[in-house]
1. Could I have the simple spin-label model distance between Glu371 and Asp262, label points 7 Å from Cα toward Cβ, reported in nm to one decimal?
2. What is the list of residues in the stretch 171-197 whose amide nitrogen lies under 15 Å from a point 7 angstrom out from the Cα of Cys206, following Cα to Cβ?
3. Note the full-extension length gain between Ser285 and Asp340 as 0.36 nm times their separation in residues minus their Cα-Cα distance, in nm to one decimal.
4. Less than 16 Å from a label point 7 Å out along the Cα-to-Cβ axis of Gln361: which backbone N atoms in the stretch 242-266 qualify, by residue?
5. Determine, for each peptide in 396-405, 284-293, the mean count of other beta carbons within 10 angstrom over its residues, then list the peptides with the highest first.
6. Using only alpha carbon positions, build the gyration tensor of the stretch 277-389, then give the equivalent ellipsoid semi-axes as the square roots of 5 times its eigenvalues, largest first, whole angstrom.
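Here, each number is a calculation from the coordinates, and none is a lab measurement. On a predicted model such as this, the values are computed, not experimentally measured, just so you know. FYI the Cβ positions are ideal-geometry reconstructions off the backbone, even for glycines, and counts take in every protein chain you see.
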Amino acid sequence: MRRGSKTDNARRTRFQVNRPIRFERNWLNKESNASSRNLLVEISSQRPNRSRRRESLTRVRKTNSQDKVKLASLPREKSSWYSSRDPLPRTNLPRLKISHGIHSTAMCAPRNELAISRHRSTCCGVCTVTGLKPGNPRWQNQDSYIISEDFQRQTNQRCYGVLDGHGEIGHLVSKRCSQQLCEHFVKSQLDMSLAFRLMQEDLSQCELDIKCSGATCVFVHLHDSYLRVANIGDSRGVLGHLDGANICATPLTSDHKPDRHDEQIRIVACGGQVSCRQLVVGHSSNGPITLPLGPPRVWYRRNSSHGDTMGLAMSRSFGDAIAHGLGVSCEPEITQYNLDLADKFLICATDGVWDVIDNAQAVKIVHTLYERSNDWDPLEAAHTLCISARNRWQSLSPMIDDITALVVDLHRALACGKQGKGRSSEYLLRVDLSIC
């Protein structure tokens, strides 16, 4: 049998594709009348025009052998979803109620409740609110905190702290630090600088990839009336001090920003670069005209073989292995303070609070609740401070940072230390935040 040419085969193929397919099936016995004996179905295999409405088979009518199946074109029913081929009519988009933050149908379902976690201990209360990142509905809170109210099983020693993670696994870095920092503090024989270095070594040797992830930290050790505060990064500790009838904010820490003069000198000496992102707003004969965009950062390449550039907005942190090779440090700044009766409470918080509320405002918010009653609740104060910060974030930006505030009643802490009251466990660590 002679094979046909390619042209003949192509013609035959085109004919077979475009030809209507005819099915005939005898499924009745011979006694059935001729009008119901055959069911003829004619289906066109031609590709339908996308601009036309979709044709749907609505019914099959049994008739005599001359009748065929009839197709009826009906309008397509409205659907709550659209394929990529369909045009997306803006007027038919579902309206989404905005409750807490800005949501989009492309991001996530509306969130009716705040993702919030609270904890009350003998002398303090802590509250944390998960932030909102547009485009990332599965955002995890990267803040963690430490509460140890019978440190080394001594009720006159207490440790508190808050940590703020950053980077892809920042939540895991801050969690590990909150779990291990007290132990390293014991190993270092209460040497805060050594404890922070041991914590950095711990992160370098564990299974976490800390090349581009890290955490800030403010860590407090209270021994009777002697207070020591160590911090790295932009988390902050503030003391509420009563001066006569006025409440004053006494800062116990200083933010570590790359543009702080002493910090910038160290980073540049180690080969790092400190600058802001630049937004091009025009051009001139001398080149592009730019404006600074965002905070100053320490810039580095995540991968030397690619041009993937990263910027770190603080000059001291845990983790951040690449940036630590360019002058970023885990060495804490330590403040020592002797408490007196005028010192009422201590606030430790992450930058989710301090970016929108200054020291004086935060102390005033807490003091408003403090002066209502001698038996005031530090947890209520921490909660009020977090909600105030979140409301301010909502009024400023579609992005909301993670917010954590820890408030300590200093008079109660000193009284419990003298009376020997405290927790039975050595460490009371509340990390990895639950969502209500």
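1. Going by the 7 Å Cα→Cβ label model, 3.5 nm.
2. Once the point is set 7 Å along Cα→Cβ of Cys206, 171-185, 196-197 turn out to lie under 15 Å by backbone N, inside the stretch 171-197.
3. 13.5 nm
4. The answer is 249, whose backbone nitrogens lie closer than 16 Å to the label point.
5. For the peptides 396-405, 284-293, the packing ranking is 396-405, 284-293.
6. Rounded to whole Å, the semi-axes are 41, 21, 13.
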